[in-house]
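The values are calculated or read from the model by the stated rules, or taken from the named source; none is laboratory data. Just so we're clear, the structure is a prediction, and the values are computed from it rather than from any experiment. Neighbour counts are summed over all protein chains in view; Cβ atoms, including those assigned to glycine, are modelled from backbone coordinates with ideal geometry.
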């Protein structure tokens with residue numbers, strides 16, 4: 001009797017074999033291995049040297065016009081604070097003018113490769129934060145403007161910000177330019193590394209202490225250690241201890257410290273509190289169970305950021321059965337300032353949809369999760385009185401490096417780290433092999449990005465001077481130092 005195993009072994013292994021190809025929705029077709037070659041071919045259409053080019057459009061709005069436009073819809077009483085913060089330095093101006101830079105970038109060369117963008121990838125928007133276990137990771141940490149678009153826009157914004165930060169720190173022009181080139185070089189090398197890894201390993205490449213070695217950022221190690229030590233104490237509990245008081249009835253209330261933290265009228269505070277109900281439907285089931293063990297104690301208004309000043313942002317104090325606090329931030333989510341400029345760069349602009357799907361808070365949260373390896377477990381979205389909001393943990397062990405306070409060697413290190421982080425974030429939504437093929441082994445892209453960064457830094461300094469003049473003339477109200 002012939003056994004089945006014998007029959008199989010004796011048969012011609014190729015006889016009657018059907019071609020086994022599977023097509024499954026949501027999964028890639030069979031890979032052809034040509035991603036890198038396809039990237040190289042893009043150089044013929046958009047030479048890397050072309051990225052050095054920056055010529056302001058003839059119809060470019062002035063800096064003052066751009067700021068006035070971006071102030072629309074903000075809380076009027078807070079606009080002077082925003083203007084004051086932007087007027088502090090050219091780097092601060094850049095931080096608050098992502099929309100103006102997007103208008104400028106729309107006229108620059110792009111390869112047509114789409115990635116999920118941070119949208120505001122300046123050098124101060126990279127920092128430390130805690131994961132669910134309280135361990136620190138480093139990554140991009142601001143996603144208000146996130147949207148799918150040309151990867152070059154994020155890289156060019158990062159590079160220009162490094163030049164401005166270097167100038168503010170007193171670095172010579174050569175060092176400031178070198179920092180921009182180092183960011184692009186690190187971006188390029190990181191993509192090459194990720195393209196060689198298995199897909200899952202590249203996807204889960206967490207930015208931990210090994211990043212310092214990978215990016216050759218040893219001069220920055222002490223700075224990161226100090227920032228990390230401070231970040232570990234930057235928690236909801238610490239904020240609550242400094243910003244709340246216990247009432248006679250045992251409840252907790254925020255203490256106003258105007259203009260940064262202010263009490264809300266009860267109807268608005270109640271509306272914000274009620275919005276947490278729909279919010280819980282946007283987080284994972286296990287997180288919903290955790291949140292059910294807290295009760296809302298109070299809600300207050302808190303001024304945040306530079307570009308975000310004037311938007312509606314609330315902090316919600318919750319406590320558990322042991323009176324231990326958790327603070328959530330409910331922050332207004334406005335449309336990305338990049339959206340009006342994508343079409344001019346040849347990218348599709350998302351069409352208006354059902355607000356339950358095309359919710360600006362949802363856009364921010366999903367964009368953040370697309371770009372980060374480790375995200376805040378409490379991320380979600382909701383609406384308050386018809387306006388969209390994102391919800392996140394407040395003071396989630398956040399720590400940031402001020403690039404304008406770094407020594408030249410440290411600035412180069414920060415440039416390499418941020419360039420690597422940006423490449424890793426883009427590789428979640430753009431094929432790292434395709435981008436690596438385009439960027440190449442040489443320094444052609446690095447030099448072009450650095451040249452653009454210097455030219456754009458010059459333009460930003462001129463824009464900042466116009467803003468300062470408008471403040472002095474009284475055209476724009478300003479409250480410096482707040």
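Matching residues to (1) crowded, with 23+ Cβ neighbours inside 10 Å; (2) part of a helix (DSSP H, G or I); (3) at pLDDT 90 or above:
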site: 23; (1), (2), (3): no, no, no
site: 30; (1), (2), (3): no, no, no
site: 37; (1), (2), (3): no, yes, yes
site: 51; (1), (2), (3): yes, yes, yes
site: 54; (1), (2), (3): no, no, yes
site: 61; (1), (2), (3): no, no, yes
site: 81; (1), (2), (3): no, yes, yes
site: 93; (1), (2), (3): yes, yes, yes
site: 120; (1), (2), (3): yes, no, yes
message: I need the full set of residues from segment 277-302 which are touching a strand residue (DSSP E or B) at 6+ places or on another chain (Cβ under 7 Å) and under 18 Å from residue 395 (Cα atoms), in order please.
response: 294, 296, 297, 298, 299, 300, 301, 302
Positions within segment 450-482 being outside any helix (DSSP H, G or I) and surrounded by fewer than 18 Cβ atoms within 10 Å (Cβ to Cβ), in sequence order: 474, 475, 477, 479, 480, 481, 482
- prompt: How about segment 371-407: which of its residues are within 23 Å of residue 326 (Cβ to Cβ), within 16 Å of the chain's Cα centre (by Cα) and part of a loop (DSSP other than H, G, I, E, B)?
  reply: 372, 374, 375, 376, 379, 396, 398
task: Evaluate segment 375-393: report whether one residue or more is out of contact with any strand residue (DSSP E or B) (no Cβ under 9 Å at 6 or more places or on another chain), touching a residue at least 12 places away in the same chain (Cβ under 8 Å) and over 19 Å from residue 139 (Cα atoms).
output: yes
message: Please pick out the residue among 144, 154 that is within 14 Å of the chain's Cα centre (by Cα), outside any loop (DSSP other than H, G, I, E, B) and touching a residue at least 24 places away in the same chain (Cβ under 8 Å).
response: 154
message: For segment 291-314, give me each residue that is more than 21 Å from the chain's Cα centre (by Cα), crowded, with 16+ Cβ neighbours inside 10 Å and not in a loop (DSSP other than H, G, I, E, B).
response: 291, 296, 297, 298, 299, 300, 301
message: Is it the case, given these coordinates, that residue 410 is assigned to a strand (DSSP E or B) and either touching a helix residue (DSSP H, G or I) at 6+ places or on another chain (Cβ under 6 Å) or over 21 Å from residue 287 (Cα atoms) (or both)?
response: no
